Each structure stands twice: as structure tokens, then as C-alpha cells.
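Bear in mind these aren't lab numbers, they're just calculated from the coordinates by the rules spelled out. What you see is a predicted model, and the numbers here were worked out from it, not measured in a lab. So basically every Cβ, Gly included, is an ideal-geometry build from the backbone, and we count neighbours across all protein chains shown.
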Amino acid sequence: MTTTLPAPDVLDAFRAATGFMPEDEGLALFAAAAQAATATGLPLLEIGSYCGRSTLLLADAARQAGTVVLTVDHHRGSEEQQPGWEYHDASLVDPEVGLMDTLPRFRRTVHAAGLEPHVIALVGRSPQVAAVWGGSLGLVFVDGGHTDEHATADYEGWVPHLAPDGLLVIHDVFPDPADGGQAPYRVYLRALAEGFEEISVTGSLRVLRRRGR
Ligand SMILES: C[S@@+](CC[C@H](N)C(=O)[O-])C[C@H]1O[C@@H](n2cnc3c(N)ncnc32)[C@H](O)[C@@H]1O
């Protein structure tokens with residue numbers, strides 16, 4: 001049977017980790033990941049590792065199903081995380097390089113939770129990694145750059161690798177522009193137009209699967 005809750009220590013680590021995902025959305029992400037990992041036995045894929053907050057939940061779902069999570073990030077931050085923008089965290093700037101570097105905190109977070117054996121961190125730009133990736137995936141979680149250029153490239157690069165019975169999860173879907181940026185919403189609409197159906201909505205997190213599966 002698919003476990004629907006993360007391990008208590010993983011949930012505590014999620015709550016303590018740097019990041020933006022609310023707990024109800026995290027639990028919905030975990031449930032989707034557990035379902036996809038159990039059904040397919042395939043690796044899970046996250047675009048947007050940041051400091052590892054959502055990665056912890058995907059890693060726990062992967063661990064319970066005997067697979068791994070791959071998580072892609074260049075670790076230089078999205079547009080809205082740069083200096084002067086709403087989501088900037090000055091403690092994440094590498095003082096020597098003068099740029100954001102979320103990789104050290106990501107690694108500490110995953111290590112402290114004991115989940116390193118279940119996580120493969122891919123450091124690079126999502127479209128470049130997708131272009132050289134050759135395997136099938138049980139789940140694609142889109143939470144990288146939130147511009148149309150980035151969100152569209154993530155969808156186009158990774159969805160072709162999604163197994164027929166895999167799940168597509170999109171974060172920060174805001175139908176009302178007053179609630180947030182529209183690029184993830186446009187990707188969500190495109191997925192619906194291209195054969196996906198929605199199976200759950202939790203806050204801004206949408207879980208989709210291919211119609212007829
Ligand atoms: C919103 S954060 C991810 C938050 C994370 N999923 C969580 O819930 O804890 C978005 C991340 O995507 C990364 N990113 C943005 N554009 C990217 C791209 N084209 N390739 C790789 N990573 C990218 C940023 O560096 C940033 O760490």
C-alpha cells in the first residue's frame with residue numbers, strides 16, 4: 001500500500017528547511033510522489049532544488065519505494081531571488097563569487113535528514129540537463145524558473161521523459177494574476193490541452209496525469 005505521509009523526522013526537517021512551500025502543498029507533493037514511485041518504480045524528477053525543502057519529501061517517497069529523486073538546479077537562484085527582489089535571502093550569497101549559491105545549504109539539509117543515498121543532485125540549467133537525460137521518470141515536479149521562457153522549457157524538456165503512467169506536478173499555479181505570476185498557470189493550461197487531466201489541487205500545487213490512465 002502507498003504510504004500517504006512522510007516519516008515524522010522528514011516532516012520535521014521539511015518544516016525547518018529554508019524554502020517557500022507551505023506544509024499542505026508539501027503533503028500533497030509527497031502523496032503524489034509516493035503514488036508515482038510505487039506505481040512506476042522509476043526515479044522522480046524535481047526542477048528547482050533550492051535549499052532542499054521540497055526535495056526532502058520527494059526523497060522520502062523515493063526511499064519508501066526503493067527508487068531515487070533527481071533534482072536539477074543551477075543553484076544561482078531564480079529572478080525573484082536576486083538582490084533587490086522580493087524573495088532574496090542575503091545569507092545565500094557566496095561572498096567570494098558575489099552570486100547566489102544555494103548548493104551548500106541544500107547539501108546540509110539533505111545530509112542532516114539522512115536522505116543523501118536517495119538524492120541525485122544535478123547542478124546545471126534545466127534545459128541542458130533535460131537534453132542529455134535519457135531515462136524514463138515516474139514524476140516530473142516543475143518548480144524552477146517562473147518566467148514563461150523557463151517554465152515552458154522545463155515542460156518541453158522533461159515531460160517527454162515522463163512514463164505513460166507517471167505524474168506531472170506543477171507548483172505556483174495561480175489562475176488569478178492578483179495571486180502570483182502566470183507562467184506556471186500557462187504551462188498547466190498547456191498540459192491540460194495536451195492530454196493531461198487534473199487529479200488534485202492543493203493551494204497552488206496541481207497534480208496531473210495523462211488522460212485515460
Ligand atoms: C522556487 S525555487 C524552488 C523551491 C523548492 N522546490 C522548494 O520548494 O524548496 C526555484 C529554483 O529554481 C532554480 N532555477 C531557476 N531557473 C532554473 C533553470 N533554468 N535551471 C535550473 N534551475 C533553475 C533556482 O535557482 C531556484 O533555486
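Things worth noting here:
- Loop-located chymotrypsin sites (Phe, Trp or Tyr not before Pro) in the stretch 73-106 whose Cβ has at most 13 other Cβ within 10 Å (DSSP): Trp85, Tyr87
- Fewest-first sequence of Asp101, Asp12, Asp154 by Cβ atoms within 10 Å of each Cβ: Asp12, Asp101, Asp154
- Here the average projected area of the convex hull drawn through the C-alpha atoms of the stretch 95-213 stands at 9.4 nm².
- Loop-located trypsin sites (Lys or Arg not before Pro) in the stretch 100-200 (DSSP state other than H, G, I, E, B) with a sparse environment of at most 11 neighbouring Cβ atoms within 10 Å are absent.
- Its residues counted as N, the stretch 1-93 yields a C-alpha radius of gyration over 2.2 N^0.38 Å of 1.14.
- Each other residue within a Cβ distance under 11 Å of Ser49 adds +1 if Lys or Arg and -1 if Asp or Glu, for a net charge of 0.
- Mean Cα-pair separation over length for the chain, i.e. relative contact order, pairs under 8 Å, 6 or more apart, %: 20 percent
- Each label point was placed 7 Å from the Cα along the Cα-to-Cβ direction; for Ala131 and Thr18 their separation is 3.0 nm.
- Normalising the average separation of contacting C-alpha pairs (under 8 angstrom, six or more residues apart) by the number of residues puts the relative contact order of the stretch 127-213 at 27 percent.
- A Gaussian network model of the chain, with springs between Cα atoms under 10 Å, assigns the largest mean-square fluctuation among Ala65, Ala13, Ala178 to Ala178.
- Binning all Cα-Cα separations of the stretch 8-210 at 5 Å, short to long from zero, yields these whole-percent fractions: 1, 8, 17, 21, 23, 17, 9, 3, 1, 0.
- Distant-in-sequence amide H partners of Ile199 (H built 1.01 Å from N, under 5 Å): Val207, Leu208, Arg209
- Put a dot 7 Å past the Cα of Ser91, heading toward its Cβ, do the same for Glu156, and the two dots end up 3.8 nm apart.
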